[in-house]
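This report concerns only the one structure given below.
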Amino acid sequence: MHDPQAFAGRHVFVAGGSSGINLGIAQAFARAGAHVTVMSRSPDKVQQAADGLRALGAQALGISADVRDAAAVEAALHQSHEKFGDIDVLVSGAAGNFLAPAKDLSPNGFKTVIDIDLNGTFHVLRLAYPMLRKPGASVINISAPQGVNPTMYQVHACAAKAGIDMMTRVLAMEWGEAGVRVNAIAPGPIADTEGIRRLAPTPEAMAAATAVVPLQRMGTLDDIANMALFLSSPLASFVTGAVIPVDGGSSLPGGRDMRASYVPRSAA
Ligand code: COA
Ligand code: NAP
């Protein structure tokens, strides 16, 4: 795992890779010797991200495309495939989110998040399939705890990420015989990201979000990137269809923090 060139010459394509968690993943693969393409809407963001990857010594492409636009996604994949060959690692992490009570969320607000997260992930995976290395490719969807934990003001993200989790499992079954593994990472709250800024916008909300993590800290970009490296390495060659929480334990099923209620027997 600590081979600094473990992914030398491999082709890594990161949809939504121009910032935050997904850029952290792109950078980790760049440091490990991969050729990396990042794709997102903003031409400035993708160029800046690609420049940063080159500064790490990688060959890199930045391509502007919206995951909601299937033709644009296909063109981006073709451009990357022409330059770097078959795709060894495909990461689908483009997403949009905000807090909104369902009764105040417009149909288009709900549709927008479903279109980016869920339909966008289908576009990326389905259109990349002919260009994936077979056997050997590792596909990683970026999910979230909302895929399994009902979360208030998140009906859009919960529905989208639950769909991504199921897509991960179905495509793992369909693509297994071609030697393509499909997994998902469900990050917990990750420090210094747009996602956490939107869901915990005040110091109080940030403290509350940290307090419910059994490991008592927010995650880092490296925490998530390390799981992506592991999932794409030979160490994970028998892992497919898994949705893996990387969240400090914050989404343990049914987990409830009873510290405030507990009175030590000796003090009762
Ligand atoms: N609360 C409720 N509804 C909202 C909203 C909010 N905070 N933000 C946007 N919407 C609604 C809009 O009102 C619109 O619906 P309407 O036409 O009925 O008014 C719909 O969502 C689409 O908004 P628009 O701004 O046109 O979408 P966009 O395609 O330009 O941007 C978003 C997509 C809304 C998801 C935007 O927040 C985004 O680009 N996010 C990317 C970054 C991000 O979310 N990072 C965290 C990842 S977890
Ligand atoms: P971020 O920095 O906003 O990352 C989102 C990325 O997706 C950006 O590069 C953005 O770039 C791109 N994107 C958004 N809409 C797009 C579209 N329509 N087409 C193509 N690209 C698009 O946020 P983040 O917090 O790091 O989140 C990254 C991923 O982690 C998301 O899947 C999110 O759900 C997941 N996650 C985050 C957390 C957290 O704590 N942050 C927790 C759990 C899960 P452009 O603006 O240029 O398009």
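General remarks:
- Whole-angstrom Cα spans of the chain along principal axes, big to small: 69, 45, 38
- Taking 0.36 nm per residue of separation and subtracting the Cα-Cα distance, full extension of the segment from ARG265 to LEU215 would add 15.5 nm.
- Theoretical ellipticity at 222 nm over the chain - DSSP helices of four or more residues, -39500 (n - 2.57) apiece, nearest 500: -12000 deg cm²/dmol
- Fluctuation leader among PRO43, PRO201, PRO189 - the chain, Gaussian network, Cα springs under 10 angstrom: PRO201
- Using alpha-carbon coordinates, inclination of helix 70-84 to the longest axis of the chain, degrees: 60
- Sequence-distant lysines (8 or more away, or on other chains) whose Cα lies within less than 30 Å of LYS111: LYS45, LYS103, LYS161
- Binned Cα-Cα distances of segment 164-268, short to long, each 10 Å bin given as a whole percent: 13, 33, 28, 17, 7, 2, 0
- Cα coordinate range in segment 220-268, projected on the principal axes (Å, largest first): 53, 22, 15
- Amide H partners (placed H, <5 Å) of ILE190, local residues excluded: ILE196, GLY219
- About the centre of its Cα atoms, the chain shows a dipole size close to 380 debye [charges on the beta carbon of Lys, Arg (+1) and Asp, Glu (-1) only; nearest 20 debye].
- Working value for segment 1-134: equivalent-ellipsoid semi-axes of 27, 16, 13 Å, each the square root of 5 times a Cα gyration tensor eigenvalue, largest first.
- Computed over segment 88-212, the alpha-carbon pair-distance distribution with 5 angstrom bins reads 2, 11, 20, 21, 17, 13, 9, 5, 3, 0, each value a whole percent.
- The Cα center of segment 236-263 and the Cα center of segment 153-206 differ in position by 14 Å.
- Each 10 Å bin from zero up to the one holding the largest Cα-Cα distance in segment 150-215 carries the following percent of pairs: 17, 37, 27, 15, 3.
Read the figures in this text as sums done on the coordinates, not as results from a lab. The model shown is predicted, which means the values in this text are computed figures rather than measured ones. Quick reminder, even Gly has a Cβ in these numbers, built from the backbone with ideal geometry, and neighbours come from all protein chains shown.
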